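Scroll down for the structure; my scribbles are underneath it.
The values are calculated or read from the model by the stated rules, or taken from the named source; none is laboratory data. Here the structure is a predicted model, which means the values were calculated and not measured. Here the Cβ positions follow ideal geometry from the backbone for every residue, glycine too, while neighbour counts run over all protein chains shown.
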Amino acid sequence: MQDEPIDKNVILEELSKLHELDCNYGDGRILGSMCTEAHPFAKEVYCKFLDTNLGDPGLFKGTKSIENKVIESIGELLSLDSAYGNIVTGGTEANLMAIRAARNHARKYKGIVDGEIIIPKSAHFSFKKAADMLNLKIVEAQLDENYKIDVESLKEVISDRTVAIVAIAGTTELGLIDPIEEISQIAFEKNIYFHVDAAFGGFSIPFLKQRGYDLPDFDFSLLGVCSITVDPHKMGLAPIPAGGIIFRKEEYLEVMAVDSPYLTVKTQSTIVGTRLGASSAATYAVMKYFGRKGYCDLAEDLMKTTRFFYDGLVEIGYDVVCEPELNIVAFNHPDMETNELAQKLEKLDWKVSVAKCPKSIRVVLMNHIKMNHIKELLEDLKEIY
Ligand code: 0PR
């Protein structure tokens, strides 16, 4: 750090120059991101709550009550009357909390010491971080020919050490929904903690179902489901960071509680200590602002763009990996290696992302990707073909 203070304008100029190096959602060129530009109203509210700290909720009673209300609203969206949980930094922290709750619960009530978690091959890498931090072994369940959990393969790997089963509602690479109802039944019968990662799908599946889309059940209406991750900073249009973890029962928070004697509350269950109240306030504001109707419209718009892109690809002759269930399309050229196609698109200034299973170009049709961008992309893909 330099010795003398520097004038604000000089600092801002330097920062602006660096900021200009960042990609811009508005250009419609970012094709592989699950984040997007937050709604302006959410950003406005976020700034008002920047100094609030939910790590010491007794000092910020109003903001804590906002977090409680958001958790209640998200819980209601997921068919749960009394919801427990927190607004956290994102899907990674939400998944970590879920797995920590499962591990501690199994340790306390079943005496499991060397625990294992069963995750599908399609699971987000955050579960690898969680297992590493929580000293759990990962056991992978295989996928079927439709890239969803193969339930038979899952049954085979359940053991006395299983502390949690994980399924995904909106997989990171393909946006697919696992057979959650079937898995919930198994987990319920075997009394195993069942976590659903709906980080991506949580702010769209309930709304698409409301508009008549034929999507499977994935939420707390299924009795085996113990917790769900839902990220407001994806299709919820809340500013980063805003993840959500919702638990069916308070005891899942209780088994994670550590004493925090000198704070205004006596125990803390979250991973983070000092934590943003701004994320809760902004999420609350944006959810009120859109309401169910607003989110239904947004979710339907995303599916319209998705369908348009899917149909366009098929028309040109590209191989599409699967029928999209949510707003992700993955595809390949019939005779070109995926990386080569990715390079060609990168040269044309498209920010693409390559999926691993199966290897393919993956486009996440987030809110910043408009119909004109898709038309432009299809034109380029036609040229390349
Ligand atoms: N669970 C699922 C199903 C996810 O897709 C993701 C994120 C997470 C958990 C973790 O969420 P956080 O990243 O909020 O902790 N999926 C995206 C991914 O890793 C996140 C992302 C967002 C990546 C924007 C790139 C990007 O530009 O692919």
Residue in the stretch 182-205 that is farthest from Gly170 (Cα to Cα), counting only those that are more than 16 Å from the ligand (Cβ to nearest atom) and touching a Lys or Arg at 6+ places or on another chain (Cβ under 9 Å): Asn191
Test: residue in the stretch 124-143 that is under 30 Å from Ala330 (Cα atoms), of a type in the set (Gly, Ala, Ser), in a helix (DSSP H, G or I) and within 16 Å of the chain's Cα centre (by Cα): yes
All positions within the stretch 119-152 that are under 13 Å from Asp197 (Cβ atoms) and of a type in the set (A, V, I, L, M, F, W, C): Ile119, Ala123, Phe125, Phe127, Ala130, Ile149
Options Asn86, Asn95, Asn68: the member that is of a type in the set (S, T, N, Q) and touching a Phe, Trp or Tyr at 6+ places or on another chain (Cβ under 7 Å): Asn95
Failed item in (1) part of a helix (DSSP H, G or I); (2) within 16 Å of the ligand (Cβ to nearest atom); (3) surrounded by fewer than 22 Cβ atoms within 10 Å (Cβ to Cβ), with Ser279 passing the rest: (3)
The stretch 335-362 residues that are touching a residue at least 60 places away in the same chain (Cβ under 8 Å), paired with ones that are loosely packed, with under 12 Cβ neighbours inside 10 Å and part of a loop (DSSP other than H, G, I, E, B) (beta carbon under 8 Å, 6 or more apart): Lys351/Cys23
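Residues checked against (1) among the acidic types (Asp, Glu); (2) in contact (Cβ under 8 Å) with a residue 24 or more places away in the chain:
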site: Lys8; (1), (2): no, no
site: Glu14; (1), (2): yes, no
site: His19; (1), (2): no, no
site: Asn24; (1), (2): no, no
site: Gly28; (1), (2): no, yes
site: Gly32; (1), (2): no, yes
site: Val45; (1), (2): no, yes
site: Lys61; (1), (2): no, no
site: Glu67; (1), (2): yes, yes
Asp259 away from the ligand (no atom under 13 Å from the Cβ), under 20 Å from the mean Cα position of the chain (by Cα) and either closer than 28 Å to Met366 by Cα or of a type outside the set (Ser, Thr, Tyr) (or both): no
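Which residue, of Asn327, Asn332, is at pLDDT 95 or above, closer than 28 Å to Asp217 by Cβ and in contact with a helix residue (DSSP H, G or I) (Cβ under 8 Å, 6 or more places away or on another chain)?
Being at pLDDT 95 or above, closer than 28 Å to Asp217 by Cβ and in contact with a helix residue (DSSP H, G or I) (Cβ under 8 Å, 6 or more places away or on another chain) holds for just one of Asn327, Asn332, which is Asn327.
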Qualifying position, being within 19 Å of the chain's Cα centre (by Cα), of a type in the set (Asp, Glu) and over 17 Å from Ile228 (Cβ atoms), among Glu173, Glu76: Glu173
Hits in the stretch 80-114 - residues which are of a type in the set (Asp, Glu) and either touching a residue at least 60 places away in the same chain (Cβ under 8 Å) or over 22 Å from Asn68 (Cβ atoms) (or both): Glu93, Asp114
Residue satisfying condition, being among the small types (Gly, Ala, Ser), outside the structural domain of Glu346 (by TED's automatic domain parsing) and either within 13 Å of the ligand (Cβ to nearest atom) or outside any helix (DSSP H, G or I) (or both), within set Gly32, Gly75, Gly55, Gly62: Gly55
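Please tell me if Met97 is within 16 Å of the ligand (Cβ to nearest atom), touching a Leu at 6+ places or on another chain (Cβ under 8 Å) and of a type in the set (A, V, I, L, M).
no
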Filter result (within 16 Å of the ligand (Cβ to nearest atom) and aliphatic (A, V, I, L, M)) within the stretch 78-91: Leu78, Ile87, Val88
Residue identified as among the polar types (S, T, N, Q), within 16 Å of the ligand (Cβ to nearest atom) and out of contact with any Phe, Trp or Tyr (no Cβ under 9 Å at 6 or more places or on another chain) among Thr171, Thr270: Thr270
